[in-house]
2 protein chains.
Amino acid sequence: MGDKSLGKAVPWAFNLADDARGIPRKLAEGITTRVFVGEKVMLSVVRIAPHSTGTVHSHPEEQWGVLLEGECVRIQGGEEVKMRAGDFWHTPGNIPHGIRTGAIGAFVLDIFSPPREEYKKPGEGFGRTA
Amino acid sequence: MGDKSLGKAVPWAFNLADDARGIPRKLAEGITTRVFVGEKVMLSVVRIAPHSTGTVHSHPEEQWGVLLEGECVRIQGGEEVKMRAGDFWHTPGNIPHGIRTGAIGAFVLDIFSPPREEYKKPGEGFGRTA
């Protein structure tokens with residue numbers, strides 16, 4: 001991960017480490033993302049600084065998350081689970097969830113379907129809560 | 001990647017390196033996957049051995065791919081693009097696509113929406129072609 005093979009000549013290829021691509025969004029203090037919008041799927045490439053918290057929220061869209069690098073605690077359905085690189089999780093629609101980091105930050109790929117309307121333009125916050 | 005923090009106590013968490021989870025499928029010679037099925041999203045964790053080829057095919061479902069480790073050439077819409085770890089790509093429905101590896105294999109996360117019906121049970125092959 002983190003290999004910067006950027007500058008693809010085709011419009012359909014991207015790189016996770018290329019902060020110049022995607023729709024920027026600040027989800028919370030220390031948590032930023034870049035959003036890539038498809039017809040049925042939206043990807044969100046999230047950087048979480050150490051000691052950051054994404055407050056518990058929910059939305060009707062289905063979500064999957066993949067911890068690409070670092071460590072985090074996933075908060076979901078009242079449970080808290082420590083995640084390490086390579087772990088991934090499924091969050092059905094309307095399930096309350098959040099995330100936090102300790103001394104080590106996290107690099108997370110979030111996957112939404114359908115795409116979240118609020119995330120289709122630059123902005124701040126986690127959007128509406130169900 | 002490759003960190004095996006397995007055996008989560010919750011049913012909604014998995015690990016990319018845990019070959020015991022997911023629905024197994026042999027896509028082609030040297031290309032195997034494990035499939036995870038959501039309501040609107042299906043994940044496919046694909047291991048591609050060196051010198052393997054996934055023949056060009058298409059399907060109506062939207063697809064995204066993330067090259068987690070290794071190297072590959074993505075074939076799509078008549079173009080061939082060399083991918084390195086961290087690269088990802090978008091494949092709208094019905095766009096012909098394939099993949100091949102050279103001396104280095106690849107570890108790929110494929111994302112489908114809606115879930116591909118053929119991939120909901122163990123089997124072989126890339127499923128129907130549009």
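Quick check on this structure: which one of A:Pro50, A:Pro60 is in contact (Cβ under 8 Å) with a residue 60 or more places away in the chain, more than 7 Å from chain B (Cβ to nearest Cβ) and farther than 27 Å from B:Asn94 by Cβ?
A:Pro60
If you scan region A:64-117, which residues turn out to be in contact with a Leu (Cβ under 9 Å, 6 or more places away or on another chain), of a type in the set (D, E, K, R) and either open to solvent by less than 10 Å² (accessible area, probe 1.4 Å) or within 10 Å of another protein chain (Cβ to nearest Cβ) (or both)?
Correct list: A:Arg74, A:Arg84, A:Asp87.
Which numbered condition trips up B:Leu109, out of (1) more than 15 Å from B:Ala49 (Cα to Cα); (2) part of a strand (DSSP E or B)?
(1)
Across region B:32-54, what is the number of residues that are farther than 14 Å from B:Tyr119 by Cα, open to solvent by less than 30 Å² (accessible area, probe 1.4 Å) and hydrophobic (A, V, I, L, M, F, W, C)?
The total comes to 1.
Being assigned to a loop (DSSP other than H, G, I, E, B) and touching a residue at least 60 places away in the same chain (Cβ under 8 Å) is true for just one of B:Lys40, B:Lys26. Which residue is that?
So the residue among B:Lys40, B:Lys26 that is assigned to a loop (DSSP other than H, G, I, E, B) and touching a residue at least 60 places away in the same chain (Cβ under 8 Å) is B:Lys40.
Report yes if B:Val56 is farther than 30 Å from A:Arg74 by Cα and in a strand (DSSP E or B), otherwise no.
Against the criterion (farther than 30 Å from A:Arg74 by Cα and in a strand (DSSP E or B)), B:Val56 qualifies.
The values are calculated or read from the model by the stated rules, or taken from the named source; none is laboratory data. Predicted model, so just to flag it, every value in this text is computed and none were measured. With ideal geometry, Cβ positions are generated from the backbone for all residues, glycine too; neighbour counts draw on all protein chains shown. The area values use the complete protein model at the heavy-atom level, side chains included, leaving out ligands, DNA and RNA. Shrake-Rupley method; radii C 1.70, N 1.55, O 1.52, S 1.80 Å.
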